[in-house]
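Reviewing the structure listed below.
Read the figures in this text as sums done on the coordinates, not as results from a lab. Please read these numbers as outputs of a predicted model, since none were measured by experiment. Neighbour counts run over all protein chains shown; Cβ positions are idealised from the backbone, glycine included.
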There are 4 protein chains.
Amino acid sequence: MDATEATATATARTRGRPRSEAARQAILEATRALLEVTTVRDLTIETIAKQAGVSKSTIYRWWPNKAAIAIDAVEAIMPRSRLAKSKSVSAALTEQLVLLVEHYRGPYGRIVKELIAEGQTDPEVLAAFRDRFLLRRRTVARDLIEYGKSTGEFDAALNSDLACDIIYGPVYYRLLVAHLPLDDEFSRALPKQILVALHHPGIYGFSAHP
Amino acid sequence: MDATEATATATARTRGRPRSEAARQAILEATRALLEVTTVRDLTIETIAKQAGVSKSTIYRWWPNKAAIAIDAVEAIMPRSRLAKSKSVSAALTEQLVLLVEHYRGPYGRIVKELIAEGQTDPEVLAAFRDRFLLRRRTVARDLIEYGKSTGEFDAALNSDLACDIIYGPVYYRLLVAHLPLDDEFSRALPKQILVALHHPGIYGFSAHP
Amino acid sequence: MDATEATATATARTRGRPRSEAARQAILEATRALLEVTTVRDLTIETIAKQAGVSKSTIYRWWPNKAAIAIDAVEAIMPRSRLAKSKSVSAALTEQLVLLVEHYRGPYGRIVKELIAEGQTDPEVLAAFRDRFLLRRRTVARDLIEYGKSTGEFDAALNSDLACDIIYGPVYYRLLVAHLPLDDEFSRALPKQILVALHHPGIYGFSAHP
Amino acid sequence: MDATEATATATARTRGRPRSEAARQAILEATRALLEVTTVRDLTIETIAKQAGVSKSTIYRWWPNKAAIAIDAVEAIMPRSRLAKSKSVSAALTEQLVLLVEHYRGPYGRIVKELIAEGQTDPEVLAAFRDRFLLRRRTVARDLIEYGKSTGEFDAALNSDLACDIIYGPVYYRLLVAHLPLDDEFSRALPKQILVALHHPGIYGFSAHP
DNA sequence: CACTAAACGAGACGGTACGTCGAGTCTTGGA
DNA sequence: TCCAAGACTCGACGTACCGTCTCGTTTAGTG
């Protein structure tokens, strides 16, 4: 949990030499630059240190691993999902999905999937990335869905967590498995098909174990 | 492409000492054993060689990287998805989904996600894993859906690729992001909610760029 | 020269906070304690600071290196050679030699040889150690020899520096090279054999280059 | 014991790739070159590797520490003490002593004392250095002394180990403590004074504890 | 009593080398 | 031709101290 928050913790540390903000920035900047030409996997603490003109120990003092640095580095520049001001919740979700796919098609998508990959080895990394990236956007969607339920646009019994999985799942599935492209056709067809499910209660209950 | 097929290619090699089947089996067996106690990431060619009583060069002669070995090793023991004999396509899909989730909850799930993670770095690994694991099951589902379309159970205009993404996407999403568990509640609620979408045409078209 | 004397210089510093005697003692005490369980080589400024509850900079303010601290720390507890009150100079020297060997057999011997070793790298360390430890004892011996020359016990032409080397040399040789132990047999046989040489003039002059 | 002999052990190793003699020579050569400009203490495995164009692991595979490399490196080029063909044993010893002092005045002396210093920390290093350098020369002297005893030139009851310590001790004492120089005056006066002691039995027995 | 100046603790900083590990390659001898 | 054994280069790992630095906090004597 504190893995990558050390940075954020504005521990009113009054004793000792204060942390060098310049070094911190240099590290994040170097990491950003390196991530444009390498994968998170090939990223190296040694290289970051060299590129940032910083000693390795300074890096190790503040970050537990390279993924944590990458998360911090990328966070600032990651485009946030804004709450869409659309006529309906359905329209807002659609809009968001289109933007997300567009976004993931590019370099951010590469980093996102590399960080998820990195997280498969280290639960803390996955948790940090999830909480600081994925859940932010997901919360926006959840709130939208809850609102939709309250206005009657969606079925009142809808499980909004499940709904989020149905909305985002296919996107991450394609992002990570890459069996098919994250193209415009996908981002347009997907919400159309999905939203049907959100409007109706889940009636087709064919239990596997009847 | 040739990443993991070297093994399979029964190139009618006639000259020289024939490949040692014993060595091949020992390598796969050792890998299987090691995968029970380590992640794919922490798996090491050196360790496999030692455990299998085989030289490193023998491994490098036949496999391009550890993921390829892991895929070969795991393939044999991965439970195959059988075509469910249910009354309806919906029921069959539901049954499959329940089994998949159950399956991914255990040790296989761990290996699957680790291999997908490994694939983010190496496209060949991802392709090999996808083609030899994921697509097999997906093809079963696609065929089911196509059959459902022909019988009128599903909308005839349904894009079956998209349908597969909607079915499997949420599962892999939870598997990899781990924001919520792959529990029974999920595996039961998911198909109920999703199947609605597959029965109807994607009517709710709120284009983001009208 | 000033290497380890900074401590002593009671520079009539009048302004500012006076040097903390408590810190100084704590450092020396910690060093003494650490030297019982580690070698001078493995001694660390960082460890001393921690053990003494003192900041590194306080140490660096007053000592140039760890050997200097070790010298200061050990000086107080090193047994001094007392001028023996024997019937003859020969007996006095013998007595001194026996005590020295006895002394060097124990933990002090270890520290002495480690400090000499440390001095091979840093001339200032060697000089400081030599002047504050070795030369003290040597001076006692030299004075004895000079006295012996004046009473006729030793040959008047004897070079007393050379004589000291002949007396002490074998002891340090065994201490440092450790080819043979510093045992009682040695400390008893050595003066017997050596004193012969000091009584006679160096007559056997077989020049290597005649 | 095997610390530095790994090199020598012509283990009739028949399996696997044979050790690279080229690498071995490059390492020793690089070490020799570096020792001309740095101390043994400042010598670095990393630097040796770089200079020799060899990987660190190759060095670590064959030597346990830098002192062991230095010993191997220096051994070949260290001038051996030849058995002097003089009229008498006394003359031969004198000649040897003069040469030794001359020898230790230069760069070899520096390395010798640095290796002895290094040995104070690591008993294996000291043992290796002692056995392969110091004892060789000492053995020559011991044999000479024994011969002198047999011809009646020296006292028959003379302990030749003790005699060696008396001969060499003062030299190493000056070498290591550096209170006085290893000059010609020293090397000429020393044997003259010492040989007196070797001709007579150790008669002046002033026991410290009568 | 306030002022000043040095010493103090804490601890961050850029460095350097450590010894280890694994990757992937190469070189033998034997099957 | 394959295989085992194992030596090779390469490069990054994470750690440990180095000696320096920048703080905020004592702790005297001086004005």
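Taking a sphere under 12 Å around the Cβ of A:Arg32 and counting the other residues whose Cβ falls inside, with K and R at +1 and D and E at -1, yields a net charge of -4. Only one residue of B:Ala156, B:Gly109, C:Ala178 has its Cα farthest out toward the positive end of the dipole of the protein assembly as shown, where Lys and Arg carry +1 and Asp and Glu -1 on Cβ, and that residue is B:Ala156. Couplings 3J(HN,Hα) of the range B:35-49, computed from phi: 5, 7, 10, 9, 7, 4, 4, 7, 4, 9, 4, 4, 5, 4, 4 Hz, in residue order, whole Hz [Karplus 6.51 cos²θ - 1.76 cosθ + 1.60, θ = phi - 60°; x for Gly and Pro].
With R₀ set to 45 Å, the beta-carbon distance separating C:Thr139 from C:Arg15 gives a calculated FRET efficiency near 0.70. Charging the Cβ of each Asp and Glu at -1 and of each Lys and Arg at +1, and nothing else, the dipole of the range C:78-204 about its Cα centre rounds to 360 debye. Placing unit charges on the Cβ atoms only, positive for Lys and Arg and negative for Asp and Glu, gives the protein assembly as shown a dipole magnitude near 220 debye about its Cα centre.
Here is how far apart the D:Thr47 label points are across copies: 2.5, 3.0, 3.8 nm, shortest first, using a point 7 Å from Cα toward Cβ. Pairs exceeding a 21 Å alpha-carbon distance, out of C:Lys149/C:Lys192; C:Lys66/D:Lys56; A:Lys87/A:Lys192; C:Lys66/C:Lys113; A:Lys50/C:Lys50: C:Lys66/D:Lys56; A:Lys50/C:Lys50.
Within the listed set A:Ser90, A:Ser57, A:Ser160, the Gaussian network model of chain A (springs between alpha-carbon atoms below 10 Å) gives the highest mean-square fluctuation for A:Ser57. Spin-label pair C:Ala22-C:Thr47: with each label point 7 Å from Cα along the Cα-Cβ axis, the two points sit 2.6 nm from one another.
Label-to-label distances for B:Glu36 across copies, nearest first, come out at 4.9, 5.2, 6.1 nm, using points 7 Å from Cα in the beta-carbon direction.
Per residue, the average separation of C-alpha pairs within less than 8 Å and at least 6 apart gives chain C a relative contact order of 21 percent. Projecting the Cα atoms of B:Leu99, B:Tyr60, C:Leu35 onto the charge dipole of the protein assembly as shown, computed from C-beta unit charges around the Cα centre, puts B:Tyr60 farthest toward the positive end. Take the Cβ atoms of B:Asp184 and D:Ser55, set R0 to 56 Å, and the FRET efficiency comes out at 0.55. As a proxy for reagent exposure, C:Lys113, A:Lys56 were ordered by neighbouring Cβ count within 10 angstrom, fewest first; the result is A:Lys56, C:Lys113.
Put in line by how crowded their Cβ is, counting other Cβ atoms within 10 Å and starting with the fewest, D:Tyr147, B:Tyr173 read D:Tyr147, B:Tyr173. Nearest to the axis that brings chain D onto chain A is this chain D residue, judged by its Cβ, with the distance in whole Å: D:Glu46, 7. The peptide list A:179-185, B:186-192, put in order of mean Cβ contacts within 10 Å with the highest first, becomes B:186-192, A:179-185. Residues in the range B:73-80 carry Karplus couplings, in order, of 5, 7, 3, 4, 9, 6, x, 7 Hz; the curve used is 6.51 cos²θ - 1.76 cosθ + 1.60 with θ = phi - 60°, and Gly or Pro positions show x.
Using Cα pairs closer than 8 Å and at least 6 residues apart in sequence, work out the relative contact order for the range A:105-185, in percent. Normalised by residue count, the contact order of the range A:105-185 is 24 percent. The Cβ shell under 14 Å around B:Leu135 holds other residues with a net charge of +3, Lys and Arg each +1, Asp and Glu each -1.
Helical content of chain D, expressed as a calculated mean residue ellipticity at 222 nm, amounts to -19500 deg cm²/dmol (DSSP H runs of 4 or more residues, -39,500 (n - 2.57) each, divided by residue number, nearest 500).
Treating each Cα of chain D as an identical point scatterer and summing with the Debye formula, the log10 of I(q)/I(0) at q = 0.10 Å⁻¹ comes to -0.54. Looking at the range D:13-88, the GluC sites (Glu not before Pro) that sit in a DSSP loop and have at most 12 other Cβ atoms within 10 Å of their own Cβ are D:Glu36. Which residue fluctuates most in the GNM of chain C (Cα springs below 10 Å): C:Tyr172, C:Tyr108, C:Tyr60? Of C:Tyr172, C:Tyr108, C:Tyr60, the Gaussian network model singles out C:Tyr60 as fluctuating most.
About its Cα centre, the range A:52-129 has a charge dipole of approximately 260 debye under the convention of +1 per Lys or Arg Cβ and -1 per Asp or Glu Cβ, with nothing else charged. Residues considered: C:Leu126, C:Leu176, C:Leu162. Largest GNM mean-square fluctuation over chain C, using C-alpha springs under 10 Å, is found at C:Leu162.
Taking the label point 7 Å along Cα→Cβ, C:Arg61 and its counterparts in the other copies are spaced 2.1, 5.2, 6.9 nm apart, in ascending order.
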